[in-house]
Amino acid sequence: KNVTLLSSGNFSGAAASKTWNFSHAFVNRAKIHNGIAGYIYGMRFDKTKKSFKPVVDGDVTLRFYPGGSDSVYSTLKQVKTGKIGKARAVIRVVMYFWKIAHKRIAVQLCRIKRSGGDVQAIIKAKSTTTSIKRLLKKCRIRVYNAEKNGRYSHAKMTTMDVKIGSKRVQRTFGGSVNYTASAFSKNSEVSVELRGSKYYNDGV
């Protein structure tokens, strides 16, 4: 069998004992294994390479950076209302670094919140741009600062139970990608999009 582990956690004592992270293990899924192995091999020679295509394997999509798409933002844009019938759409964000280049994600979260959605976020306050914190507060999104007594959230994770078009969909986004310009245009990163309730229920 092949085993592929995708995580926001570093190989460090702090990652194991002081920080919250998102990890997912894929067992005996050759397409995922080969996609990430090929990415690692390619990045050995040139970390600025931007020709890695997404890997889709059933209910999982992998995206590679630099050069990968902003899949969280593009999904949020498709959500037209914060309602799912009589229920509320539910979105949860956990983000270690959140900088001005991705303020547009906060703008979409506010729009969904104002249209009836249940939106909450966990951040590391010192790693989040002040204008983003102010915007989230202004539109009354509940924000938790996961930074206390030397512990903090290092995860990069978003979960959604929303309506897109006429369908109710559940998405879980994770990986190593922060909401920063560097993560998308300079760094070697991997993100994962997981579709369906089995992933969503674990995430929330």
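A few notes on this one:
- If you go through the stretch 95-123 and keep only what is in a loop (DSSP other than H, G, I, E, B) and within 25 Å of Asn201 (Cα to Cα), you end up with Tyr96, Phe97, Ser115, Gly116, Gly117.
- Meets criteria (of a type outside the set (Val, Ile, Thr), closer than 14 Å to Met160 by Cβ and surrounded by 17 or more Cβ atoms within 10 Å (Cβ to Cβ)) for Ala121: yes
- Scope the stretch 95-116; condition touching a residue at least 24 places away in the same chain (Cβ under 8 Å), open to solvent by 30 Å² or more (accessible area, probe 1.4 Å) and either among the charged types (D, E, K, R) or within 17 Å of Met157 (Cβ to Cβ) (or both); matching residues: Tyr96, Phe97, Lys99, Lys103, Arg104, Lys113, Arg114
- Just one of (1) modelled with pLDDT of 95 or more; (2) more than 30 Å from Ser115 (Cβ to Cβ) fails for Ser12. It is (1).
- A single entry from Ser69, Ser74 fulfils the requirement of being surrounded by fewer than 15 Cβ atoms within 10 Å (Cβ to Cβ), assigned to a helix (DSSP H, G or I) and polar (S, T, N, Q): Ser74.
- Residues of the stretch 37-52 satisfying the condition of being more than 13 Å from Leu6 (Cβ to Cβ) and either polar (S, T, N, Q) or in a helix (DSSP H, G or I) (or both): Gly38, Tyr41, Gly42, Met43, Thr48, Ser51
- Residue ID - most open to solvent (accessible area, probe 1.4 Å), chosen from residues in the stretch 77-94 that are out of contact with any helix residue (DSSP H, G or I) (no Cβ under 8 Å at 6 or more places or on another chain) and part of a strand (DSSP E or B): Arg88
- Put simply, of Val119, Val190 the only residue that is in contact with a Cys (Cβ under 9 Å, 6 or more places away or on another chain), within 21 Å of Ser71 (Cβ to Cβ) and of a type in the set (Val, Ile, Thr) is Val119.
- From Ser131, Ser188, Ser182, Ser197, residue being of a type in the set (Ser, Thr, Tyr), without any contact (Cβ under 8 Å) to a residue 40 or more places away in the chain, within 21 Å of Ile32 (Cβ to Cβ) and open to solvent by 30 Å² or more (accessible area, probe 1.4 Å): Ser197
- Restricting the stretch 53-66 to residues that are in a loop (DSSP other than H, G, I, E, B) and of a type in the set (D, E, K, R), the residue that is most open to solvent (accessible area, probe 1.4 Å): Lys53
The values are calculated or read from the model by the stated rules, or taken from the named source; none is laboratory data. Quick caveat, the model's predicted, so the values are computed rather than measured. All Cβ positions, glycine included, derive from the backbone under ideal geometry; neighbour counts span all protein chains shown. Quick note on the areas: whole protein, heavy atoms, side chains included, nothing else; ligands and nucleic acids left out. Shrake-Rupley method; radii C 1.70, N 1.55, O 1.52, S 1.80 Å.
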